[in-house]
Amino acid sequence: MGIPLRVVDQQETRGIMDSILTIVRMFARETEAGALVSDINARMNRVEERIRGLPRPRVMVCIGRSIGTGTLEDVFICGRKGFYHEMLTLAGGFNVYDGPSLQYPSVTGEGITRMNPEIIIEIIPDLIDQGWNEEVVKREWHQLKGVDAVKNKRIYILGDDHVATPGPRFILTLEQMARVLHPEVCWDE
């Protein structure tokens, strides 16, 4: 049909930034893209500056699980590669997962207890659409009483639609992660 096709790689932040430039070149919108890329870079630099020298808390990012069952089942977390691992690192956290190099490994309650994250971030982009209550979702983690994140009430739900989309709005996810990992930083300046 003669429709131009471009495939872009948005699995990491560099790929997202490159894809913005690739797409705008197709439509001769470089000026707008330059402003967007500059804004994203400035915001990434701001996060980097604010967390520099701070301790990196041990974090587990839950990408998906069976919700509403009252138990922790089918728990998939961020592994040591891919978008969420990179976001976690840029936001100033240390990924507690130390297993095989998988993007989204499945873990058990026993495995989570062994990793003992200080913070759990759960990615639920359709939280509101599914009618789930954030407190009920957090309560399901309480069965892991020995985990530091549970004991210290450091379980955070990221429920906006952009948290599951590796695209230009990744900067919002990065900023959200940085805020929950480092509440000691004044982010509003």
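The values are calculated or read from the model by the stated rules, or taken from the named source; none is laboratory data. Predicted model only: the values in this text are computed from it and were never measured. Using ideal geometry, Cβ is built from the backbone for each residue, glycine included, and neighbour counts are taken over all protein chains shown.
Has region 90-97 got at least one residue that is crowded, with 20+ Cβ neighbours inside 10 Å, more than 24 Å from Asp188 (Cα to Cα), in contact with a Lys or Arg (Cβ under 6 Å, 6 or more places away or on another chain) and not hydroxyl-bearing (Ser, Thr, Tyr)? There is at least one residue in region 90-97 that is crowded, with 20+ Cβ neighbours inside 10 Å, more than 24 Å from Asp188 (Cα to Cα), in contact with a Lys or Arg (Cβ under 6 Å, 6 or more places away or on another chain) and not hydroxyl-bearing (Ser, Thr, Tyr).
Residues that are touching a residue at least 12 places away in the same chain (Cβ under 8 Å) and of a type outside the set (Gly, Ala, Ser) do occur in region 28-36. Scanning region 135-161 for residues that are at pLDDT below 95, in a helix (DSSP H, G or I) and exposed (fewer than 15 other Cβ atoms within 10 Å of the Cβ) turns up Glu135, Val136, Arg139, His142, Gln143, Asp161. Taking every residue in region 55-82 that is under 13 Å from Ile121 (Cα atoms) and touching a residue at least 60 places away in the same chain (Cβ under 8 Å) and pairing it with any residue that is of a type in the set (Asp, Glu) and assigned to a strand (DSSP E or B), at least 6 positions away or on another chain, the pairs with Cβ-Cβ distances below 7 Å are Cys62/Glu122. If you go through region 34-62 one residue at a time, how many are at positive phi and in contact with a strand residue (DSSP E or B) (Cβ under 6 Å, 6 or more places away or on another chain)? Residues in region 34-62 being at positive phi and in contact with a strand residue (DSSP E or B) (Cβ under 6 Å, 6 or more places away or on another chain): 0 in total.
Any residue at all in region 95-103 that's more than 15 Å from the chain's Cα centre (by Cα), farther than 19 Å from Ile157 by Cα, of a type in the set (A, V, I, L, M) and at pLDDT below 95? Yes: region 95-103 contains one or more residues that are more than 15 Å from the chain's Cα centre (by Cα), farther than 19 Å from Ile157 by Cα, of a type in the set (A, V, I, L, M) and at pLDDT below 95. Can you report the number of residues in region 162-189 which are touching a His at 6+ places or on another chain (Cβ under 8 Å), within 21 Å of Glu32 (Cβ to Cβ) and outside any loop (DSSP other than H, G, I, E, B)? Qualifying residue count for the region: 2. Restricting the first member to region 95-116 and to residues that are part of a loop (DSSP other than H, G, I, E, B), and the second to residues that are at pLDDT 90 or above and of a type in the set (Asp, Glu), the beta-carbon pairs closer than 9 Å and six or more apart or on different chains are Val96/Glu118; Asn116/Asp148.
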